[in-house]
Amino acid sequence: MAASSLDIISDLEQRELISQLAGGDELREHLASGSRTVYCGFDPTAESLHVGSVVPLLVLKRFQQAGHKPIALVGGATGLIGDPSFKADERQLNSSEVVGEWVERLKPQLGQFLDFDCGENSAVLANNLDWTRGYDVLGFLRDVGKHFSVNAMIQKESVKQRIERDGEGISFTEFSYMLLQSYDFAELNKRYNCTVQVGGSDQWGNITGGIDLTRRLYQNQVYGVTTPLVTKSDGSKFGKTETGTVWISSHMTSPYALYQFWLNVADADVYKYLKFFTFLPVDEIEEIERSDKAAQARPEAQGILAREVTELLHGKGGLNAAVRISEALFSGDISSLTSDDLAQLELDGLPCTEFRGGSKGIVEVLVETGLAKSNKMAREFIGNNAVNVNGQVVDSVDFELSGSNALEGKFCVLRRGKKLFHLAKFVQ
RNA sequence: GGAGGGGUUCCCGAGUGGCCAAAGGGAUCAGACUGUAAAUCUGACGCGCAAGCUUCGGUGGUUCGAAUCCACCCCCCUCCA
């Protein structure tokens, strides 16, 4: 068994992936002394996970690599309620149809990193709706609710601002979220002998709730590990770009966009992200950092990070497409691209809009492609020399795009600002 | 059910009859500088080429004129029952 040969907690600590441990040394001993079952839950709050949620998911995989059995739990039930932890305000409830749909989309995303066919420690995919759906209200209140003290619950840091801050409130629905998640832990303990829960640091309250409940219901000692919130050194929110949230679904965020996202990570954050988001050994990451510092030039780290993560999420094919587009747009001479190259860019996932007929004013094109929100903005961008067609700066709002000034009679590569590209394709 | 306090442009938050498309901050975007960084500086930031148009929870009303006053309604918060 690999478990004893690799101290998973020490590895996570080296990667700065541990925010808090519930159980401490006892947990280390627990993990070192055998193959354990570890779970992490993901609520369906959108049709895809975003990059931030990958951290605990990868931690689950790290546990599996260390010989433990991972359970990826999709919150078909908890997603119907809404986790209030550290949320400033009450969330809108989604319909059960929508949540059900999202559950189905999340399943393959959760599964893609884990190994479901490796014997003893094969991964398990679970849905908490399975044991919550049929639970009657009175039974739940008597069997589970009785173990929770409201006095203790309102002391939790995670709901404090909702309780104390003027102008905010919390519904009973959201307040009961903790009971459901706690019950999940207890239930997984009973079903799978699951003894460790992993989650983001915002989950601490819910995890300790589950530890207490499991002890009370089944007299079993279970443990918790939380991962730090992924932060950015400049204080802005991690996982957003000018075009919105960075999703792990390739339909929502193309491999190219994902690759660019990681390539643009700040120096101050990149080595930390290498530890968080890749499986590169820590000493290798430290070596990269050393050589970047010594080089006094553009760091290598962002490129490594972008390649590693893009391949991890979208495979070799996705990575190759992302690299092809990036090279064509950022280091090549755009006007020398052949129509095959351009068609490939479209296939590789560079956003593309089709235009019919003869010619089209640049302002209109910018708006239709989404490169500008309004005509007014489009004009402003042009005035700032921020718009570029096929490598040429557009200097007039009267500029017209047509088949005749398109590359190979068909494509125009539009650029707004330094990094935002879009393909305009002229068809008959 | 009662009493009080609120709902302003992406967010926070000023404004309390005309000078308000609405202070200030944040976020965001663009330009310069650079490494497709960071920091910094400059500019933009409801829509419209413009005249002008549409916004301040909703609907009506008062007024020459309303985000600001009145009526009703919806939603949120606090306390009481």
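The values are calculated or read from the model by the stated rules, or taken from the named source; none is laboratory data. Quantities reported herein were computed from a predicted structural model and do not represent experimental measurements. Cβ coordinates were reconstructed from backbone atoms using ideal geometry, including for glycine residues, and neighbour counts include every protein chain displayed. These accessible areas exclude ligands, DNA and RNA; they are computed on the full protein's heavy atoms, side chains included. Shrake-Rupley method; radii C 1.70, N 1.55, O 1.52, S 1.80 Å.
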Original post:
In a GNM of chain A with a 10 Å cut-off on Cα contacts, which of A:Leu213, A:Leu401, A:Leu31 has the highest mean-square fluctuation?
Top reply: A:Leu401
Subject >> Of the trypsin sites (Lys or Arg not before Pro) in the stretch A:109-215, those whose Cβ has at most 11 other Cβ within 10 Å and which sit in DSSP loop >> reply: A:Arg133, A:Arg165
Subject >> Count, lysine Cα pairs under 21 Å in the stretch A:339-427, 8 or more residues apart or across chains >> reply: 10
Subject >> Computed magnitude of the charge dipole of chain A (debye, nearest 20; Cβ of K, R +1, Cβ of D, E -1) >> reply: 520 debye
Subject >> Within chain A, helix-based [θ] at 222 nm, where runs of 4 or more DSSP H residues each add -39,500 (n - 2.57), nearest 500 >> reply: -13000 deg cm²/dmol
Original post:
Of the accessible area of chain A, with the probe set at 1.4 angstrom, what percent is carbon plus sulfur?
Top reply: 48 percent
Subject >> In order through the stretch A:116-124: 3J(HN,Hα) via Karplus (6.51 cos²θ - 1.76 cosθ + 1.60), integer Hz, x for Gly, Pro >> reply: 9, 9, 9, x, 3, 9, 4, 6, 10
Subject >> Listed residues A:Tyr192, A:Tyr39 arranged by accessible area, highest first, probe 1.4 Å >> reply: A:Tyr192, A:Tyr39
**OP:** Find, among the trypsin sites (Lys or Arg not before Pro) in the stretch A:230-263, those assigned to loop by DSSP (not H, G, I, E, B) with at most 11 other beta-carbon atoms within 10 angstrom.
**Re:** A:Lys237
**OP:** Please give the per residue accessible area of chain A, computed with a probe of 1.4 Å over protein heavy atoms only, in Å².
**Re:** 47 Å²
Original post:
Within straight cross-link reach of A:Lys160, meaning Cα distance under 14 Å, which aspartates and glutamates are found once same-chain residues fewer than 8 apart are removed?
Top reply: A:Asp83, A:Asp89, A:Glu90, A:Glu168, A:Glu174, A:Asp202
Original post:
Near A:Lys61, which lysines are there with a Cα under 30 Å away, not counting those fewer than 8 places off in the same chain?
Top reply: A:Lys69, A:Lys87, A:Lys107, A:Lys156, A:Lys190, A:Lys232, A:Lys237, A:Lys240, A:Lys272, A:Lys275, A:Lys316
Subject >> Rounded Å value of the spacing that divides the Cα centres of the stretch A:63-80 and the stretch A:336-360 >> reply: 41 Å
